[in-house]
2 protein chains.
Amino acid sequence: MQTVEPRGRRIVLAHGGGGQLTDELLAGIIRPRVDNPILSEMDDSAVVSVPASRLAFTTDSYVVRPLEFPGGDIGRLAVCGTVNDLAVSGAEPIGISLSLILEEGLELERLERILDSVGRTAQEAGVQILTGDTKVVARSQADGIYINTAGIGIVRAAEPLSVRRIQPGDVVLLNGPIAEHGLAVMLSRETDLGFSTELVSDVAPLNGLLLPLVEQVGDGLLFMRDPTRGGLAGVLAELAERTRLRLVCDETKIPIRAETRYAAELLGLDPLEVANEGKVVVVVRPEAVDRTLKLLRQHPLGRQATVIGEFQDETDGICELVTRVGGRRIIQKPYGEQLPRIC
Amino acid sequence: MQTVEPRGRRIVLAHGGGGQLTDELLAGIIRPRVDNPILSEMDDSAVVSVPASRLAFTTDSYVVRPLEFPGGDIGRLAVCGTVNDLAVSGAEPIGISLSLILEEGLELERLERILDSVGRTAQEAGVQILTGDTKVVARSQADGIYINTAGIGIVRAAEPLSVRRIQPGDVVLLNGPIAEHGLAVMLSRETDLGFSTELVSDVAPLNGLLLPLVEQVGDGLLFMRDPTRGGLAGVLAELAERTRLRLVCDETKIPIRAETRYAAELLGLDPLEVANEGKVVVVVRPEAVDRTLKLLRQHPLGRQATVIGEFQDETDGICELVTRVGGRRIIQKPYGEQLPRIC
């Protein structure tokens with residue numbers, strides 16, 4: 001007697017053809033997990049009413065491997081990454097798009113888990129999935145699933161957030177411990193390190209943390225950036241370079257968990273260069289520091305918020321780190337790929 | 001003596017790391033081809049000012065194979081597809097995003113050609129690339145390059161374009177000959193058919209053709225849709241299904257070039273089910289037909305615009321085709337994958 005695998009247990013090429021099978025995938029698997037009245041119109045574009053405004057628009061593709069890792073998965077990452085790009089621009093997200101590239105053979109159960117995570121995370125962030133797209137490619141032409149999210153939001157910052165407004169004396173804050181996303185993903189790939197860890201990704205939507213800053217810190221809020229690929233080092237080096245000011249940071253002030261530091265040492269990585277997905281660098285005027293710290297610490301994602309550095313009156317565009325032992329080293333933007341496919 | 005391949009001739013994983021090499025790729029290869037003042041701010045989100053409006057938002061990922069085909073390439077396709085999704089929603093595009101997933105080993109020269117095409121097509125369509133993202137995956141985890149574009153636009157249609165407004169007597173128009181994109185792509189894969197053809201993809205931005213309809217036809221304009229994956233059959237069957245009206249179309253009225261018909265026969269494909277990338281199905285009130293045809297025919301992409309069908313007073317949701325020989329057949333939405341990776 002022949003056993004037949006139930007039809008539809010895995011993604012097949014025909015799921016991407018734009019025909020009845022595509023409809024079944026959309027109606028049976030995808031839409032129930034991300035639905036809302038705008039998406040359910042199923043037209044070529046979503047239509048939303050917006051007031052006269054400055055509109056923020058962003059996009060990111062996600063290719064993280066493995067698809068599921070301690071603390072998150074590619075679905076949660078795709079929602080948070082785009083929500084966070086809007087949030088650090090001082091914008092309140094209106095909604096996001098969800099575009100899937102599926103590899104033939106992907107288990108539908110896994111797709112369902114990832115889409116459940118997309119739906120849950122969108123709800124957590126308070127954003128709607130407004131529009132989407134699904135393509136299927138043959139085996140060995142993707143790696144399970146790639147997700148693109150684009151996002152639109154309304155800029156709430158009265159004064160544009162821009163490195164151009166940064167002056168000597170302005171202060172750099174960070175909302176919590178670094179390097180957890182990159183290391184959690186990396187360690188989940190290495191099953192034979194003989195090393196067990198509780199390390200989980202920090203992936204989280206930051207709009208709930210950041211919108212109060214935008215609304216209540218006012219003019220004193222100058223710039224925000226989430227240190228993802230390239231890590232904290234990438235953002236700090238870029239801040240120094242773009243402002244052409246010297247930026248001095250204090251290594252002892254940069255929060256990092258002991259187990260994160262241990263994992264980084266084990267893998268030979270500089271935690272400053274490791275990707276975060278729930279962290280934000282905030283630059284404020286000196287007189288706004290207390291207010292900003294208070295607002296950050298009121299939120300679960302900002303409990304460990306702290307001042308990590310200050311812009312100096314020198315115009316060399318260098319970021320200098322005062323190390324734990326009192327030495328000084330220059331922070332540079334990482335050269336290339338430290339951790340491939342981390343987001 | 002050893003010959004060394006010049007560094008940077010091909011994409012390497014490190015181009016995706018978010019470090020200096022990523023910057024070099026962006027500054028040297030990508031940005032010069034798609035630049036504009038908003039993109040060059042290089043922040044996490046693009047910011048554009050919009051009036052109070054209904055905003056259209058859409059996304060599509062493109063995985064076409066081969067990357068370059070007669071009449072176009074994946075770059076032109078990615079710009080047109082998203083511009084067209086906005087245009088058929090009655091929206092004037094504000095701008096689009098450009099997100100690249102690059103396979104390690106991709107020749108930079110090819111990437112440059114594709115990005116040149118993105119830039120040219122965006123200019124042709126009058127849209128700006130507002131924001132973007134680049135990821136790199138290892139060999140055999142993609143197929144050269146996948147592109148996602150999302151788009152935002154301002155809805156110019158006073159009355160929402162919707163299948164809900166369609167009534168018996170309303171008329172279906174088409175702007176030109178069908179099935180050229182899918183067949184041109186398909187034939188460019190089949191090098192050993194012993195068949196040479198002048199068939200080229202119809203891929204083109206439709207916003208210049210459609211905006212005048214939106215502005216000048218007014219209330220009589222009911223619905224527009226570009227028949228891409230699933231072809232004309234997909235759109236017509238969906239129109240019948242969603243309106244729950246009978247839609248009768250006349251096969252002799254549907255424009256198709258002789259060589260397209262021949263190629264479809266050769267490949268055993270129904271041209272009605274083959275993807276188009278420069279075609280649009282327009283539904284109007286009977287009294288708006290003349291005005292709409294005139295406007296369409298004034299534009300190079302609408303010279304062959306014609307009436308192809310009409311909604312009847314029967315509520316069976318069936319699309320019926322009166323064939324060339326006077327018979328009748330029911331048009332159904334294609335089941336699955338007729339032509340994989342056509343867009």
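The values are calculated or read from the model by the stated rules, or taken from the named source; none is laboratory data. The shown structure was predicted, so the numbers you read here are calculated from the model rather than taken from an experiment. Here the Cβ is made from the backbone with ideal geometry for all residues, glycine too, and neighbour counts use every protein chain on show. The protein model used for the area step is the full one, side chains on, heavy atoms only, and it has no ligands, DNA or RNA in it. Shrake-Rupley method; radii C 1.70, N 1.55, O 1.52, S 1.80 Å.
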Open item on the list: If each label sits 7 angstrom from Cα along the C-beta direction, how far apart, in nm, is A:THR323 from its counterparts in the other copies?
Closed with: 8.1
Task: Long-range HN-HN contacts of B:ILE154 with modeled amide H, under 5 Å - done: B:ALA56, B:GLU92, B:ILE94
Task: Diffusion constant of the range A:122-246 at 10 °C, which comes from Stokes-Einstein with the Kirkwood Cα-pair radius and 1.306 mPa s, µm²/s - done: 87
Open item on the list: Which of rounded, prolate or oblate describes the range B:192-254 when judged by the alpha-carbon gyration tensor and an a/c cut-off of 1.5?
Closed with: oblate
Task: Cα pair distances in chain B, grouped into 20 Å bins until the bin that holds the longest one, percent each - done: 30, 54, 16, 1, 0
- [ ] Place the label 7 angstrom along Cα→C-beta at B:ASP290 and in each other copy, then list the distances from the first to the rest in nm, shortest first.
- [x] 7.7
TODO: For the protein assembly as shown, state what percent of all Cα-Cα pairs lands in each successive 10 Å bin, counting from 0 Å until the bin that includes the largest distance.
DONE: 3, 15, 25, 25, 16, 9, 5, 1, 0, 0
TODO: Show the residues, 5+ positions off or on another chain, whose built amide H is closer than 5 Å to the amide H of B:LEU247.
DONE: B:GLN312, B:ILE318, B:CYS319, B:GLU320
Task: Cβ-Cβ FRET estimate between A:THR306 and B:ARG261, R0 fixed at 56 Å, reported to 0.05 - done: 0.20
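Shape call for the range A:2-104 from the C-alpha gyration tensor, a ≥ b ≥ c root eigenvalues: rounded (a/c under 1.5), prolate (a/b greater than b/c) or oblate?
On the way: a/c = 2.91, a/b = 1.56, b/c = 1.87.
Oblate, because a/c is 1.5 or more while a/b does not exceed b/c.
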Task: Pseudo-label separations to other copies for B:SER162 - Cα-to-Cβ vector, 7 Å, nm - done: 4.0
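If the chain between B:THR252 and B:GLU314 were fully stretched, how many nm would it gain, using 0.36 nm times the residue separation less the Cα-Cα distance? Don't skip to the end; give the middle numbers.
On the way: separation 62, 0.36 × 62 = 22.32 nm, distance 2.26 nm.
The B:THR252-B:GLU314 span can extend by a further 20.1 nm.
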Open item on the list: Once R0 is set to 25 Å, what does the formula 1/(1 + (r/R0)^6) return for the Cβ-Cβ distance between A:ASP290 and A:GLN167, expressed as a FRET efficiency to the nearest 0.05?
Closed with: 0.85
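Over every pair of different alpha-carbon atoms in the range A:60-116, take the mean of 1/r and invert it; report that Kirkwood radius in Å. Could you put the intermediate results ahead of the total?
Details: mean 1/r = 0.0796 Å⁻¹.
Kirkwood hydrodynamic radius for the range A:60-116: 12.6 Å.
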TODO: Provide a whole-number value for the mean count of partner chain Cβ atoms within 10 Å of the Cβ atoms in peptide A:146-158.
DONE: 5
Open item on the list: If I model the range A:163-330 as equal point scatterers sitting on the Cα atoms and use the Debye formula, what is log10 I(q)/I(0) at q = 0.13 Å⁻¹?
Closed with: -0.61
Task: Mean separation of Cα contacts under 8 Å, 6 or more apart, over the residue count of the range A:294-343: relative contact order % - done: 18
Open item on the list: Given Cβ point charges of +1 (Lys, Arg) and -1 (Asp, Glu) and nothing else, what value in debye, to the nearest 20, does the dipole of chain B about its Cα centre take?
Closed with: 420
Task: Residue-by-residue Karplus 3J(HN,Hα) for the range B:259-271, coefficients 6.51, -1.76, 1.60, Hz, glycine and proline x - done: 6, 5, 4, 5, 5, 5, 4, 4, 8, x, 10, 8, x
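Averaged across orientations, what area in nm² does the convex hull of the alpha carbons in the range A:226-274 project? Could the numbers behind the result be given before it?
Values: hull surface 15.2 nm².
So the Cα hull casts an average projection of 3.8 nm².
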Open item on the list: Quick one: 3J(HN,Hα) in Hz for the range A:251-258, Karplus 6.51/-1.76/1.60 with θ = phi - 60°, rounded, Gly and Pro as x.
Closed with: 4, 5, 8, 7, x, 8, 6, 4
Task: For the protein assembly as shown, calculated [θ]222 nm from helices alone, where every DSSP H run of n ≥ 4 adds -39500 (n - 2.57) - done: -8000 deg cm²/dmol
- [ ] For chain A, calculate the relative contact order in percent as a whole number, restricting contacts to Cα pairs under 8 Å that are 6 or more residues apart.
- [x] 22
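Once you have a ≥ b ≥ c as the square roots of the Cα gyration tensor eigenvalues for the range A:286-343, tell me rounded if a/c is under 1.5, and otherwise prolate or oblate according to whether a/b is larger than b/c.
The shape class here is oblate.
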TODO: Enumerate the amide H contacts of A:ARG10 below 5 Å, restricted to partners 5 or more residues apart or on another chain; note that Pro and chain-start residues carry no placed amide H.
DONE: A:LEU108
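For A:GLU241, B:GLU41, give me the order by solvent-accessible area with a 1.4 Å probe, most accessible first, ignoring ligands, DNA and RNA. Before the final figure, lay out the partial values.
On the way: A:GLU241 120, B:GLU41 65 Å².
The most accessible residue leads, giving A:GLU241, B:GLU41.
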